[in-house]
Amino acid sequence: MKLKVIIHEAEEGGFWAEVPSIPGCVTQGDTFDELLINIYDAVEGCLSIDVTDINISEKDRVMEIAV
């Protein structure tokens, strides 16, 4: 999966980034390298869900896909 990320310089120093295709997915870092690590963590956190919190019947299926 490829995602576009918009990287901004923070006024107080460092950087912050947003992933427009995932509303609310933002992160920050004091350095550019820290920001890159945090982007991966933020995307993973925004996309991960716990299926135990979802009402699933016996006829439903849970699948994981890679895109």
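Table for the structure above
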{"read-out": "Sparse-neighbour loop sites [GluC sites (Glu not before Pro); the chain; at most 11 other C-beta within 10 Å; DSSP]", "value": "Glu11, Glu12, Glu58, Glu64"}
{"read-out": "Vicinal HN-Hα couplings computed from phi for segment 51-58 (Karplus, 6.51 cos²θ - 1.76 cosθ + 1.60; Hz; Gly/Pro x)", "value": "5, 5, 8, 10, 6, 10, 8, 5"}
{"read-out": "Nearest 10 degrees, 0 to 90: helix 32-47 Cα axis against the chain principal axis", "value": "20"}
{"read-out": "Sequence of Ile39, Ile7 from largest to smallest accessible area, 1.4 Å probe", "value": "Ile7, Ile39"}
{"read-out": "Area of Ser21 that stays accessible when all protein chains are in place (1.4 Å probe, Å², to 10)", "value": "80"}
{"read-out": "Charged-residue dipole, Cβ positions (Lys, Arg, Asp, Glu), the chain about Cα centre, Debye nearest 20", "value": "480"}
{"read-out": "Fully extended contour minus Cα-Cα distance, from Thr31 to Ala66, at 0.36 nm per residue", "value": "9.6 nm"}
{"read-out": "Sites matching chymotrypsin sites (Phe, Trp or Tyr not before Pro) across the chain that sit in DSSP coil, with at most 16 neighbouring C-beta atoms within 10 Å", "value": "none"}
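The values are calculated or read from the model by the stated rules, or taken from the named source; none is laboratory data. These figures come from a predicted structure and were not determined experimentally. Note that each Cβ is placed from the backbone with ideal geometry, even for glycine, and that neighbours are counted across all protein chains shown. We work out accessible area using only protein heavy atoms, side chains counted, and drop any ligands, DNA or RNA first. Shrake-Rupley method; radii C 1.70, N 1.55, O 1.52, S 1.80 Å.
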